[in-house]
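Written below as structure tokens is the structure these notes are about.
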Amino acid sequence: MARIVMENIDENLYKMLKVKAEALGISVSEAIQQAIALWPEVANSVKDLNYVVLKTDPNAIKAYNEGKYVLVCEGKFIGAGGDLVHFTLPGGYYKSRGP
């Protein structure tokens with residue numbers, strides 16, 4: 001494996017990356033490797049950004065692994081539900097009016 005030194009990285013971005021990596025129980029190096037591996041597939045696309053959230057957000061991963069529907073919008077985890085009508089959202093429970 002190559003040893004790479006990165007310079008001129010935004011300090012706040014690095015701190016955010018480090019906190020997320022720790023929350024996921026992985027090293028910063030592993031987080032960067034995952035990001036690099038995903039980047040070609042997701043560059044500049046909200047649809048693809050939502051996929052990245054589905055694959056990297058701990059709450060989204062947990063809900064998906066539990067067989068729940070996961071709601072991600074504009075790159076942010078919104079909530080998860082057992083069916084397409086009921087979702088647990090930040091701040092409460094939501095039931096769509098549906099057809």
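Scanning the stretch 6-41 for residues that are surrounded by 13 or more Cβ atoms within 10 Å (Cβ to Cβ) and among the basic types (K, R) yields a total of 2.
The residues listed here are F77, F87; of these, the one that is at pLDDT below 85, part of a strand (DSSP E or B) and surrounded by 15 or more Cβ atoms within 10 Å (Cβ to Cβ) is F87. The C-beta contact set for the stretch 12-35 (first residue closer than 18 Å to I61 by Cβ, second residue loosely packed, with under 13 Cβ neighbours inside 10 Å, distance under 8 angstrom, 6+ apart or interchain) comprises A21/S27; A21/E30; A23/P58; L24/P58. Condition check for N65 on (1) more than 27 Å from G81 (Cα to Cα); (2) exposed (fewer than 11 other Cβ atoms within 10 Å of the Cβ); (3) not β-branched (V, I, T): one failure, at (1).
The values are calculated or read from the model by the stated rules, or taken from the named source; none is laboratory data. Model, not experiment: these values are computed from the prediction. As a convention, Cβ positions derive from the backbone with ideal geometry for all residues, glycine included, and neighbour counts pool all protein chains shown.
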